[in-house]
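Before anything else, here's the structure in question.
The values are calculated or read from the model by the stated rules, or taken from the named source; none is laboratory data. Keep in mind that this is a model prediction, so the values were computed, not measured. Note that each Cβ is placed from the backbone with ideal geometry, even for glycine, and that neighbours are counted across all protein chains shown.
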There are 2 protein chains.
Amino acid sequence: MKQSYALYDTWLQRGYTLSESMKTVLSQAVLLSEDQQLEFCMKEYIRGVRRMFGAEVQQVPKEQAGVLLGTLEQAAKCLPQDGKTPGAEGFRIYENGGHIAVVGADRSGLLYGIYRLLMLLAQGKLPENADICETPAVQVRALNHWDNMSGQIERGYAGESIFFKDEDFCFEEQRVVDYARMLASVGINTLTINNVNVHQTETFLISERFLPKLARIADLFRPFGIRLLVSINFASPMRIGGLATSDPLDEGVQHWWERQTELIYRWIPDLCGFLVKADSEHEPGPYQYGRNHADGANMLARALKPYGGIVMWRCFVYDCAQDWRNQKIDRPRAAYDNFVPLDGQFADNVILQVKNGPYDFQVREPVTPLFGAMKQTHLALEVQVTQEYTGQQRDLCSLLPLWQDVLQFDTKRPGTVADMFGSQITAMAGVANIGKSECWTGHPLAQVNLYGFGRLSWNPALTPEEITDEYVKLAFGSDPEVTGKIADILQRSYPAYEDYTSPLGLCWMVNPGYHYGPNVEGYEYTRWGTYLRATCREVGIDRTAAGTGYTTQYAPENDTLFSNTDTCPEKLLLFFHRLPYSYKLHDGRTILQYIYDTRFHGEEEAEAMAAEWDTLKDKIAPSLYEAVAERFGMQLENAREWRDVVNTYFYRHTGIADEKGRKIYK
Amino acid sequence: MKQSYALYDTWLQRGYTLSESMKTVLSQAVLLSEDQQLEFCMKEYIRGVRRMFGAEVQQVPKEQAGVLLGTLEQAAKCLPQDGKTPGAEGFRIYENGGHIAVVGADRSGLLYGIYRLLMLLAQGKLPENADICETPAVQVRALNHWDNMSGQIERGYAGESIFFKDEDFCFEEQRVVDYARMLASVGINTLTINNVNVHQTETFLISERFLPKLARIADLFRPFGIRLLVSINFASPMRIGGLATSDPLDEGVQHWWERQTELIYRWIPDLCGFLVKADSEHEPGPYQYGRNHADGANMLARALKPYGGIVMWRCFVYDCAQDWRNQKIDRPRAAYDNFVPLDGQFADNVILQVKNGPYDFQVREPVTPLFGAMKQTHLALEVQVTQEYTGQQRDLCSLLPLWQDVLQFDTKRPGTVADMFGSQITAMAGVANIGKSECWTGHPLAQVNLYGFGRLSWNPALTPEEITDEYVKLAFGSDPEVTGKIADILQRSYPAYEDYTSPLGLCWMVNPGYHYGPNVEGYEYTRWGTYLRATCREVGIDRTAAGTGYTTQYAPENDTLFSNTDTCPEKLLLFFHRLPYSYKLHDGRTILQYIYDTRFHGEEEAEAMAAEWDTLKDKIAPSLYEAVAERFGMQLENAREWRDVVNTYFYRHTGIADEKGRKIYK
């Protein structure tokens, strides 16, 4: 596989061979509209077909066309009049007797339909008599870059930024366009290119100093239906406005934001809005003026309202200067404690962006209790596509099972998280995992996470198996041995990673700052609110009503579920409970033995995945084979380090040997 | 006290009031020589007297002089002919009937004698009929700056460099002169201004790019009897010479060093030589060419020989990429294993610079086994004046007791370390603790370490009590309440610091990298060879013959002493032994209880020292009082963190409570 910038193009170029008759159908198309806005869609169709099998599409009269493209308005007649109508940004793909109609609810819908048609064909998956009608599950499908204008990416593992360098913009337009097309092909419609931690230079992104360049980026993304959301610094009125305060209730501050927003929209009339990390990890925010988060968010929302803009306001607010001695504070409580009391107070164009778990993208956490608890507030589910705690794109870790667990969690308030998409949850945001890396994502197989994030934000009901199957067929072609093995490797990767790193919901056993590699007590006595409190007898935190009370933030049924050690999901047992090492799990193993077993098993899985990859050596382009094999080498070393450090740590604490007599270092 | 750059001047200006008759004696002086080289000594005398009591010294004929100054050659007649003659750089101060003779063995000796006379007077300590004859114990009394040309100082806690900034020289000449005078006043005669880790820019210090400026620095220090020793990069032939190798046995490399050395001496004819950190913590060295340290050091020594230069070659060589799983490697063995087999192979102008302990300037380590083991090699004792692991000049820690323990250690090979001064040990080197800080040392009281280092390199038999008494009188004047309390605080500071940080010789329980604050397992699973291996039952490393064999590097008597838990000094018990927490110390306490007790006691001592300082509030200049009080505030917080983290760590490991029921966090 050519590790191309144009990932979407390579997806189209992969193995599945179309029949000649299908090629004929595809080669003759018509756009049922003279709307110039839609011509771009036809161009993308033509371009896609050319990439797939080299043919030049002929634009023919409607009657001769194999493929008809249009929006509902013009093309309704091509569809059965059965009332199945896609909603905003949705599409219907309808095949009947060798004719294919792709009908978008709107311009974006048509574009998504075209990409979907071509990608289905590339996977060999367009059924006869296809009738696919889809509408995206949430309105805002956002990717958040944590790129700094230095060029460095916070928690980036795929090279430097494709947008910035040396405290300024620096980008290759073709690469940005390739990126936009790839994002659109998986359904992303909103993009933040700068880090939520808005440093000195980045604060000026919303000023005339950088707006011309930011507008140019917006221009490049616009044709693909992608709007920019800019991370702003809450202290901008002081930092760039020369005001003495950034108090959201101060009239001068409000006026400043109004004027600044007007300026921004003059440059970027379709800006999506602002993304804000406030009062979080030393970032400025309304708390420093004795105001609350509704005061802060609404002030910005008012400034954005006239332009249809939104505020995405992050809920990652907690005490990051905690004293480890204080056992009354429990960081996982923080988002709920800070935000739920404000339910109903946020303006309609505010979306609270909530991390999937109450901590911070750990390998295994429960789902945040905010979903369902804030019924009068728009919420966004935020997940981390970049693998900060999940292997940093050296270790393979397909995050699809993790996200599935989140989406299928039954909040009992009522329904699953996925059920709330489109109602309480109006957005999904992912922290981007791409950079200047030739394959975009550092580890070539980490592409599955970007692909899968897009697909899930479109349709949260998709299973990891379905998405993995799509991805491997697009990325590796039609040889079932190759796609089968790679799908198998991807499916095993998260359970394996969890096995060697994070037993039973114990979090934070990583090297501080860096967040790669084991360090069981690395965060133990720090100010970050991240404790295991392992002793010679027990480990974990009691988060039930008898303990920190965190479980009471859930619906009563879930409080009961989590509070009872018999019903608490075992993968989360030590997240919710403090238990002796001798505590017996359902299968009769002690917690200690479970820790040992999973460590050994995780490492064996890493070996097995590497070995399975090795069997594909002759079936995969050498450069790609080598790139992945090299990373498996790093992963193996890491998995062994995790196995040995964690085993030794708990062996030293307990003095109890592995029942199976495997090697544990003293 | 004015926190002046000119510390020596302030020492002279402090409290003790001279009698009028003594003032008269001092105000009339003669230099018994027309040697221009000695006129600088007279100037320093005149300057000193002016600083002490404002008088202008009159230079009078010998017969009218109260003070006679000269070298042995000219002034022998002023002394009793009793055969007491100072050696190189030494002096004799002789008082008889109101006349004082200061006679140096040479120019440097005269200068040291003058400084000593004035400082004794400032302390009110010149006895009637004084007859003080002293010769420095070692030839090379060196201070090593770890200043980088960026201006940052590695392990510096007193501001930025006084020599460098922004990858170039940057210095105030007056400040450098003040510094030179202060160093000379305490007996330092050798100075390295650049870090032993020689980075890219610093490698060029020995090239024409920087030699003019380095020579200017040498010019400023020269009058004070201080010669420069430059830290060089062993890979210089490649890095700045354009050669393909730096192999010490390669003729081209040898010629390159010869030519480069010739160039250097053209600029600085009295350069002391080179300081080298090779094959250490990723620095280049002879090992990478399959050569040994004698090959490397002797190659440089040959180049320096024609100019009388020396090589100071550091013995800080160990495996810094150790696998923690490998219990056969024991880092403390490294210096001995690397260097003792080479005894007798080093050129006569090579001095091996050995850290005081086998690890790295820990709060409590045994003395390195190299002293006495290398009888045919010149050795230097290296200590760390800057407080890397000993409180970073936020916590008060007078290092004099630590150094006394080193100097008075009986090697049995034979004699103490101090006994070897002037024979096997020909140099003492200290890592500097000064920077741009107004008081030179960040913490004002950390001056005592710089003062004490100089005094001990001159006379290793001085006790901490003697040196402390000298320092407090010079720095704080003659009020016995003030000097008594400050001396008390200084004397308590190291035992207190050891108490809250480092029980029974357990090392490395610090935050990695930073080296301040507790982190018991911070270095446990790392590559640095720094392990405690604490379990729920026992802690420490068995370094006897039955363990790693480290004790066998000592003389047999000491091997026996350390190997036997009954005779092993208790402060080092867990350095040498792996023992259960229930092991009983001589006083009947268990190891665990000792750990608890010392933590509480250390913190109480920190409180007591701070309280004692508070009682001096009205007797000390407010700015100085506040500067120290502020640091005591930081120290208290640190002491509590140490107490609580270490106690909790061992409580969690053992589940055994404090016998006295004091607060230990769970």
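Need pairs with beta-carbon distance below 8 Å; first residue under 11 Å from B:Ala534 (Cα atoms) and facing chain B (nearest Cβ under 9 Å) and within the stretch A:648-666, second small (Gly, Ala, Ser) and surrounded by fewer than 16 Cβ atoms within 10 Å (Cβ to Cβ); sequence gap 6+ or separate chains.
Pairs that qualify, where the first residue is under 11 Å from B:Ala534 (Cα atoms) and facing chain B (nearest Cβ under 9 Å) and the partner is small (Gly, Ala, Ser) and surrounded by fewer than 16 Cβ atoms within 10 Å (Cβ to Cβ), are A:Tyr651/A:Ala657.
All but one of (1) surrounded by fewer than 19 Cβ atoms within 10 Å (Cβ to Cβ); (2) within 14 Å of another protein chain (Cβ to nearest Cβ); (3) small (Gly, Ala, Ser) hold for B:Ala546; which doesn't?
(2)
Residue-by-condition table, conditions (1) within 14 Å of chain B (Cβ to nearest Cβ); (2) assigned to a helix (DSSP H, G or I); (3) surrounded by 24 or more Cβ atoms within 10 Å (Cβ to Cβ); (4) more than 27 Å from the chain's Cα centre (by Cα):
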site: A:Tyr471; (1), (2), (3), (4): no, yes, yes, no
site: A:Ala487; (1), (2), (3), (4): no, yes, no, no
site: A:Ser493; (1), (2), (3), (4): no, yes, yes, no
site: A:Ala496; (1), (2), (3), (4): no, yes, yes, no
site: A:Arg527; (1), (2), (3), (4): yes, no, no, yes
site: A:Ala534; (1), (2), (3), (4): yes, no, no, yes
site: A:Asp542; (1), (2), (3), (4): yes, no, no, yes
site: A:Thr552; (1), (2), (3), (4): no, yes, no, yes
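Now a separate question. Any residue in the stretch B:399-413 that is in contact (Cβ under 8 Å) with a residue 24 or more places away in the chain sitting within a Cβ distance under 6 Å of a residue that is assigned to a loop (DSSP other than H, G, I, E, B) and crowded, with 21+ Cβ neighbours inside 10 Å? List the pairs, counting only those 6 or more apart or interchain.
B:Val406/B:Asn356; B:Val406/B:Val367; B:Leu407/B:Pro460; B:Phe409/B:Val367; B:Thr411/B:Phe371; B:Thr411/B:Gly372; B:Arg413/B:Gly372
Here's the yes/no breakdown for (1) hydroxyl-bearing (Ser, Thr, Tyr); (2) part of a helix (DSSP H, G or I):
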{"residue": "A:Tyr389", "(1), (2)": "yes, no"}
{"residue": "A:Arg394", "(1), (2)": "no, no"}
{"residue": "A:Ser398", "(1), (2)": "yes, no"}
{"residue": "A:Ile467", "(1), (2)": "no, yes"}
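Within the stretch B:608-628, which residues are crowded, with 18+ Cβ neighbours inside 10 Å and either β-branched (Val, Ile, Thr) or more than 17 Å from B:Gly477 (Cβ to Cβ) (or both)?
Residues satisfying the conditions are B:Met609, B:Ala610, B:Ile620, B:Ala627, B:Val628.
Could you tell me how many of the residues in the stretch B:168-194 are part of a loop (DSSP other than H, G, I, E, B) and under 25 Å from B:Val311 (Cα atoms)?
So the count comes out to 6.
When you go through B:Asp250, B:Asp279, B:Asp323, B:Asp319 one by one, which is the residue that is more than 25 Å from B:Pro512 (Cα to Cα) and charged (D, E, K, R)?
B:Asp250
Go through (1) more than 14 Å from every other protein chain (Cβ to nearest Cβ); (2) of a type in the set (D, E, K, R); (3) surrounded by fewer than 18 Cβ atoms within 10 Å (Cβ to Cβ) and name the single condition B:Arg631 misses.
(3)
From the list B:Phe371, B:Phe361, B:Phe346, pick out the single residue that is in the same structural domain as B:His293 (by TED's automatic domain parsing), part of a loop (DSSP other than H, G, I, E, B) and more than 21 Å from B:Gly422 (Cβ to Cβ).
B:Phe361
Same structure again: Scan the stretch B:578-588 and give yes if some residue there is in contact with a Cys (Cβ under 8 Å, 6 or more places away or on another chain) and farther than 25 Å from A:Ala534 by Cβ, otherwise no.
no
Would a scan of the stretch B:2-12 turn up a residue that is more than 32 Å from the chain's Cα centre (by Cα) and on the phi < 0 side of the Ramachandran plot?
no
While we're looking at this one, here's another question. State whether the residues of the stretch B:322-330 include one that is surrounded by 19 or more Cβ atoms within 10 Å (Cβ to Cβ) and either acidic (Asp, Glu) or more than 14 Å from chain A (Cβ to nearest Cβ) (or both).
yes
Here are some residues: B:Asp566, B:Asp559, B:Asp587. Which one is under 31 Å from the mean Cα position of the chain (by Cα) and free of Cβ contacts under 8 Å to residues at least 40 places away in the same chain?
The match here is B:Asp559.
Which residue out of A:Phe91, A:Phe53, A:Phe40 is outside the structural domain of A:Ser457 (by TED's automatic domain parsing), at pLDDT below 95, closer than 24 Å to A:Phe224 by Cβ and not charged (D, E, K, R)?
Only one candidate passes the filter, namely A:Phe53.
Follow-up. Here are some residues: B:Glu173, B:Glu167, B:Glu134. Which one is crowded, with 18+ Cβ neighbours inside 10 Å and charged (D, E, K, R)?
Step by step, each of B:Glu173, B:Glu167, B:Glu134 is checked, and only B:Glu134 is crowded, with 18+ Cβ neighbours inside 10 Å and charged (D, E, K, R).
Another question, if that's okay. If you check A:Lys617 against the conditions, is it modelled with pLDDT of 95 or more and within 14 Å of another protein chain (Cβ to nearest Cβ)?
no
Test of understanding: among B:Ser423, B:Ser457, which residue is out of contact with any helix residue (DSSP H, G or I) (no Cβ under 9 Å at 6 or more places or on another chain), buried (at least 22 other Cβ atoms within 10 Å of the Cβ) and among the hydroxyl-bearing types (Ser, Thr, Tyr)?
Testing whether each residue is out of contact with any helix residue (DSSP H, G or I) (no Cβ under 9 Å at 6 or more places or on another chain), buried (at least 22 other Cβ atoms within 10 Å of the Cβ) and among the hydroxyl-bearing types (Ser, Thr, Tyr) leaves just B:Ser457.
Say whether the condition of being surrounded by fewer than 23 Cβ atoms within 10 Å (Cβ to Cβ), in a helix (DSSP H, G or I), polar (S, T, N, Q) and at pLDDT 95 or above is met by at least one residue in the stretch A:138-157.
There is no residue in the stretch A:138-157 that is surrounded by fewer than 23 Cβ atoms within 10 Å (Cβ to Cβ), in a helix (DSSP H, G or I), polar (S, T, N, Q) and at pLDDT 95 or above.
Taking the criterion of being of a type outside the set (D, E, K, R) and under 30 Å from A:Val646 (Cβ atoms), would at least one residue in the stretch B:334-345 satisfy it?
Checked the stretch B:334-345: at least one residue is of a type outside the set (D, E, K, R) and under 30 Å from A:Val646 (Cβ atoms).
From the set of residues in the stretch A:498-525 that are assigned to a loop (DSSP other than H, G, I, E, B) and aliphatic (A, V, I, L, M), which is farthest from the other protein chains (Cβ to nearest Cβ)?
Filtering the stretch A:498-525 for residues that are assigned to a loop (DSSP other than H, G, I, E, B) and aliphatic (A, V, I, L, M), the one farthest from the other protein chains (Cβ to nearest Cβ) comes out as A:Leu506.
Just checking, which of A:Ser437, A:Ser457 is in a helix (DSSP H, G or I), of a type in the set (Ser, Thr, Tyr) and in contact (Cβ under 8 Å) with a residue 60 or more places away in the chain?
A:Ser457
Further question: (1) of a type in the set (Val, Ile, Thr); (2) more than 14 Å from chain A (Cβ to nearest Cβ); (3) crowded, with 16+ Cβ neighbours inside 10 Å: which one isn't true of B:Val645, the others all being true?
Single failed check for B:Val645: (2).
Where in the stretch B:17-114 are there helices (runs of 4 or more DSSP H), lying fully within it, with 1 or more residues that are polar (S, T, N, Q) and within 34 Å of the chain's Cα centre (by Cα)?
Correct list: B:36-53.
Going by what's in this entry, would A:Ser423 be described as of a type in the set (Ser, Thr, Tyr) and in contact (Cβ under 8 Å) with a residue 24 or more places away in the chain?
No; evaluated as a whole, the condition is false for this residue.
What residue, among those in the stretch A:312-369 that are among the basic types (Lys, Arg) and out of contact with any helix residue (DSSP H, G or I) (no Cβ under 9 Å at 6 or more places or on another chain), is nearest to A:Gly273 (Cα to Cα)?
Here the residue is A:Arg314.
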